[in-house]
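Here, each number is a calculation from the coordinates, and none is a lab measurement. This structure is a prediction, so every number in the text was calculated from the model and none was measured. Here Cβ is always computed from backbone atoms with ideal geometry, including for glycine, and neighbour counts include all displayed protein chains.
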Amino acid sequence: MSQASFENICIFHIMEGLRDGLTHFSKPSRAALIYAEKPDSPPRIFDPLDLLSGHEPKLRDFYLYSSQWRGNAVTTNELRIIDAEDNGLDLTGIISLGARSRHMHYQAWFTDEHPDMCSVGPTKRWLEFAAGLVSQNFATRDVQNLDTAGFVLQHCATHAIRDYIVDERSRQGWWDTQIRVYPFLDAVLGVSSTQEEGEWPRGRVVVVEPSQLDKVRFVCRFPALEQPQLADTKHVRKLLQAVEESGRVLVSDGKRMLGIAIGPMPGAYLAAQFSGHHGFLWIKDSLVCSFSDGRFHSSNLRANLVQLEELLLETDMDMGDQHTLLQIVSLMVNRVRDRKHGCTLVIDTAKEQLSMSGQHFEKPLDLQESSQLKLACSLAKLDGAVHVGRDLKLHGFACLMDGRIVPGENRARGARFNSALRFTAEHEEIIVVVVSADRPVSIFKDGVELTAQCRFQPIGGLTRPPLLAEWIMS
């Protein structure tokens, strides 16, 4: 096989595996690679889904007008990582990581930075795996390994999270640790998918470094011969009932459950917060990722209302009122999502209030008052929409949205979705936010869903990636 053919196949399989794995860990994701095999090779780019489109000026200045990125050749078998903060290539909305090795002199990997990520750390470790696989395969040049390389990158979530946790705890000074992260991550997923009397787990499990246990404020401790193993997920699930809806936590040393404690925990402890169908993983006070359905995810599970913010900026509302209205809607949306029921919010930005068919008040509810905002969240449970005006007041609930049929309707999405399309198509100063019972949030304006996710097509072709200079010029 020719040099160019191996290069094409290697990069293609690793890119596809990386993109598929990141898409399952986060939202639909793109990936791109800039590389130079030899110290004097011209840089090439593989960006099949236009992730780097719009960043051409910065890439031109960094790679074509400067040679600082080339650095020194690596003579050992190690993979040297170059972070974006170190090499000066920091692109807005993009996570990047560079690497050098003996067999691939330079490579820089890029992927989408989604706005709802708990942390970019695990994704950077994922990019590091991709860089390592490129280097290994260019060293062996065995085409039979390439399918395996792509498959490995599809299933790296647990490994990426583990490596990030180890790196972050080491950065905080915990080099000599007795905590083994893999068993803890396995236990978290096991407990999260175990019901007890029909209820999903709630409560907090904390893993503390054994050398720091004397600083833990235990309420009670279990005898040494009766300490359940952390791997016994059914037993741990039962014990969680003792710390539900309280300030108490279950404490482990990474192997066994030691007891129940309260108060702050010492050192760079690990914590898993179980919240029913989902939960969150922490290193001390830093959020790492979420978990649900037996898998880890990058999302913080908070509603992404960027499109709503942009729509409000286009109105003639006062900037202060825009900010307050966005906060009100955000709180209502997240409260509804946490309670696992759907709702529809009609945001009326017109100066002349729209008259909607529904239940009204003698005096509209002032949503800037905490008690009335809580009442509005409860009213959102009722069938129909809640009507929020530009005056930051709730004017009605259980409101009906009607309209004529429009393009883009989807019978699979239900009545809320299609009613929002029709209603916003006929009222240009209306924004509708629909929250589904299974958590997704959709924003509608002028008969269009602005939050529709793009479905990226599979990468086609195995042609050699173009030179970066040609790509920029084209």
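Structure above, values below:
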{"read-out": "Extended-chain gain in nm, criterion 0.36 nm per residue less alpha-carbon gap, Glu429 and Leu313", "value": "40.5 nm"}
{"read-out": "Efficiency of FRET between Ser170 and Met473 - r from beta-carbon atoms, R0 41 angstrom, step 0.05", "value": "0.40"}
{"read-out": "Set of lysines with alpha-carbon distance to Lys445 below 25 Å, sequence-local pairs under 8 removed", "value": "Lys27, Lys340, Lys351, Lys381, Lys393"}
{"read-out": "Other-chain or far-sequence residues with amide H under 5 Å of Val288's (modelled H)", "value": "Leu281, Trp282, Ile283"}
{"read-out": "Neighbour-count ranking [beta-carbon atoms within 10 angstrom, fewest first] of Ser298, Ser53, Ser330", "value": "Ser53, Ser330, Ser298"}
{"read-out": "Helical segments meeting 15 Å axial Cα length and Kyte-Doolittle 1.0 threshold in the chain (DSSP H)", "value": "181-192"}
{"read-out": "Estimated translational D of the range 3-155 in µm²/s (Stokes, Kirkwood radius over Cα pairs; 10 °C; 1.306 mPa s)", "value": "102"}
{"read-out": "Global geometry of the range 97-241, whether rounded, prolate or oblate, following the gyration tensor of its Cα atoms and the 1.5 cut on a/c", "value": "prolate"}
{"read-out": "Phi-based couplings in Hz for the range 96-109 (Karplus 6.51, -1.76, 1.60; Gly and Pro marked x)", "value": "9, 7, x, 7, 10, 7, 5, 9, 9, 4, 8, 8, 10, 9"}
{"read-out": "Ser246-His360 pseudo-label distance in nm [points 7 Å out on the Cα-to-Cβ vector]", "value": "5.1"}
{"read-out": "Estimated inter-spin distance, Ile262 and Arg302, nm [label 7 Å along Cα→Cβ]", "value": "2.9"}
{"read-out": "Relative contact order of the range 236-353, pairs being alpha-carbon contacts under 8 Å that are 6 or more residues apart, as %", "value": "10"}
{"read-out": "Ser67, Ser170 arranged by Cβ crowding within 10 Å, fewest neighbours leading", "value": "Ser67, Ser170"}
{"read-out": "Share of alpha-carbon pairs per 5 Å distance bin for the range 181-297, given as whole %", "value": "2, 12, 25, 27, 21, 9, 3, 0"}
{"read-out": "Relative contact order [Cα under 8 Å, 6+ residues apart], the chain, whole percent", "value": "14"}
{"read-out": "Where only C-alpha atoms are counted, convex hull volume of the range 306-449 per residue in Å³", "value": "102"}
{"read-out": "Dipole of the chain, positive direction: furthest Cα of Ser298, Ser66, His427, with charges on the beta-carbon", "value": "Ser298"}
{"read-out": "The range 204-220 versus the range 1-65: alpha-carbon centroid distance in Å", "value": "45"}
{"read-out": "Karplus 3J(HN,Hα) series, Hz, for the range 27-33 with 6.51 cos²θ - 1.76 cosθ + 1.60 (x for Gly, Pro)", "value": "8, x, 10, 9, 8, 8, 9"}
{"read-out": "Percent RCO, i.e. relative contact order, over the range 306-449, from Cα pairs under 8 Å lying at least 6 residues apart", "value": "26"}
{"read-out": "Structure-derived volume of the Cα convex hull per residue in Å³ - corresponding label in [x] 151; [y] 168; [z] 194", "value": "[z]"}
{"read-out": "Spin-label model distance (nm) - Asp338 vs Lys238, 7 Å beyond Cα toward Cβ", "value": "3.1"}
{"read-out": "Extension gain from Thr76 to Gln327, taking 0.36 nm per residue of separation minus the Cα-Cα distance", "value": "85.0 nm"}
{"read-out": "Efficiency of FRET between Leu450 and Glu369 - r from beta-carbon atoms, R0 30 angstrom, step 0.05", "value": "0.50"}
{"read-out": "Residues of the range 88-126 with amide N under 17 Å of the 7 Å Cα→Cβ point at Thr140", "value": "102-104"}
{"read-out": "Peptides 464-471, 200-207 ordered by average Cβ neighbours within 10 Å, highest first", "value": "200-207, 464-471"}
{"read-out": "Among Ile165, His235, Pro115 - extreme Cα towards positive end, dipole of the chain, charges at beta-carbon", "value": "His235"}
